[in-house]
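Visitor: Here it is, the structure, as structure tokens.
The values are calculated or read from the model by the stated rules, or taken from the named source; none is laboratory data. From a predicted model like this one, the values you see are computed outputs, not experimental measurements. FYI the Cβ positions are ideal-geometry reconstructions off the backbone, even for glycines, and counts take in every protein chain you see.
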Amino acid sequence: MNIDSFSAFVAEARKTGRPLWEVALIDQSADSGQSPAETLERMTRTLRVMREALSQYDPAARSESGLSGGAAARLRDAAAVGKSLSGPFLSDVMSRALMMAEMNACMGRIVAAPTAGSCGVLPSVILSAQERLRLPEEAAVHALLTAGGVGAIIASRATLSGAEGGCQAEVGSASAMAAAALVEMMGGAPEMSAHACAIALSNLMGLICDPVAGRVEVPCVTRNVIGAVGAVAAAELALGGIEYPVPADEVIDAMGWVGASLPPALRETGEGGLAVTLTGRSICERLAAPVRGKRRSERPLRQ
């Protein structure tokens, strides 16, 4: 079995009566040569690392650049004293997304799922949902399997690389993966997961990759929050019966086309976007980071 499309993913679930996570488990096991039990154990270890990373978050830690650190704690503390409009669940999702992204920036141990730059989306959504819904550990492991199946489809049809397809391929894909997994955690049908994937990915389509000073911090850290919240919104829409007009496979293909169409300046080169604003260039100079694309940066964007 080789699941290379969301339509095939859903069709296999319908034909066999298996949930998406089990279809993904069988497919991933066949692809890796591991037994389903070994694949489950590997995914359980992955979840454990995600949970440990969140537990080891240090509010006092700062990245080497000084651009990242402490934001998740400030957001969490504000929510704890009622300075939040989003409610406990979304506050948890947002603070955990920040935590994981800051852990990455501070050289902590994280899971690059699907990439290091988008590492906060999946754990924040899945672990917060598990806690909110009071689900057993295995439900979170199953959600990771579903997300992994979606990520494999995106990788085969488009890309997960910011250098190839912009941040839509990183945070956008992570958001789509989390949205599909969340639908299944909530008891939604496979078709609903497909719609959630399409909604989440289409809403971040065209997102460029423009790291300031070449570091996975600005704007990467806060984009994890947007990807996580977008995943929750997409799942809610799908669970509410909203069907996206464009099938998930076509949305994925479109994302791949958009990514290939982006100019190099908007694909992790540091030659465009926020990286070449006056402030972005000032940060780059302060950190004495190598400046790529000098021909484009002779005249920074006016403020």
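Visitor: Can you tell me which residues in region 273-285 are out of contact with any Cys (no Cβ under 9 Å at 6 or more places or on another chain) and closer than 21 Å to T115 by Cα?
Guide: L274
Visitor: Let me ask something else about it. Six or more apart or on different chains, Cβ under 7 Å: which pairs go from a residue in region 31-51 that's at negative phi and in contact (Cβ under 8 Å) with a residue 24 or more places away in the chain to one that's assigned to a loop (DSSP other than H, G, I, E, B) and loosely packed, with under 13 Cβ neighbours inside 10 Å? Could you list them?
Guide: Filtered contacts from region 31-51: V49/R109.
Visitor: So which residues in region 1-29 are loosely packed, with under 15 Cβ neighbours inside 10 Å and either modelled with pLDDT under 95 or basic (K, R) (or both), if there are any at all?
Guide: If the condition is that a residue be loosely packed, with under 15 Cβ neighbours inside 10 Å and either modelled with pLDDT under 95 or basic (K, R) (or both), then M1, N2, D4, R14, K15 are the ones that fit.
Visitor: Suppose the filter is closer than 30 Å to A158 by Cβ, at pLDDT 95 or above, part of a helix (DSSP H, G or I) and under 13 Å from the mean Cα position of the chain (by Cα); does R96 pass it?
Guide: When the stated conditions are applied, R96 passes them.
Visitor: Every residue in region 30-60 that is within 21 Å of G120 (Cα to Cα) and either at pLDDT below 95 or among the hydrophobic types (A, V, I, L, M, F, W, C) (or both), please.
Guide: M43, L47, V49, M50, A53, L54, A60
Visitor: With respect to A61, is the statement that it is touching a Cys at 6+ places or on another chain (Cβ under 6 Å), of a type in the set (A, V, I, L, M) and touching a residue at least 12 places away in the same chain (Cβ under 8 Å) true?
Guide: Criteria met by A61.
Visitor: Please specify each residue of region 18-62 satisfying the condition of being of a type in the set (D, E) and in a helix (DSSP H, G or I).
Guide: E22, D27, D31, E38, E41, E52
Visitor: Let me ask something else about it. What are the pairs with Cβ atoms under 7 angstrom where one residue, in region 225-238, is over 13 Å from G172 (Cβ atoms) and the other, located anywhere, is surrounded by fewer than 24 Cβ atoms within 10 Å (Cβ to Cβ) and not hydrophobic (A, V, I, L, M, F, W, C)? Sequence gap at least six, or different chains.
Guide: What qualifies is A238/G188.
Visitor: Here is a follow-up. Residue by residue through region 1-11, note down the ones that are touching an Asp or Glu at 6+ places or on another chain (Cβ under 8 Å) and either outside any loop (DSSP other than H, G, I, E, B) or not aliphatic (A, V, I, L, M) (or both).
Guide: Scanning region 1-11 gives N2, S5, F6, S7, V10.
Visitor: Continuing with this model, one more query. Quick check on my filter: what residues within region 245-263 are over 22 Å from the mean Cα position of the chain (by Cα) and in contact (Cβ under 8 Å) with a residue 24 or more places away in the chain?
Guide: Answer for region 245-263, where residues must be over 22 Å from the mean Cα position of the chain (by Cα) and in contact (Cβ under 8 Å) with a residue 24 or more places away in the chain: there is none.
Visitor: Now for a separate question. Please go through region 53-73 and pick out each residue that is exposed (fewer than 14 other Cβ atoms within 10 Å of the Cβ) and under 22 Å from the mean Cα position of the chain (by Cα).
Guide: The answer is S55, Q56.
Visitor: So, of the residues in region 243-269 that are over 19 Å from S5 (Cβ atoms) and not small (G, A, S), which turns out to be surrounded by the fewest Cβ atoms within 10 Å (Cβ to Cβ)?
Guide: P263
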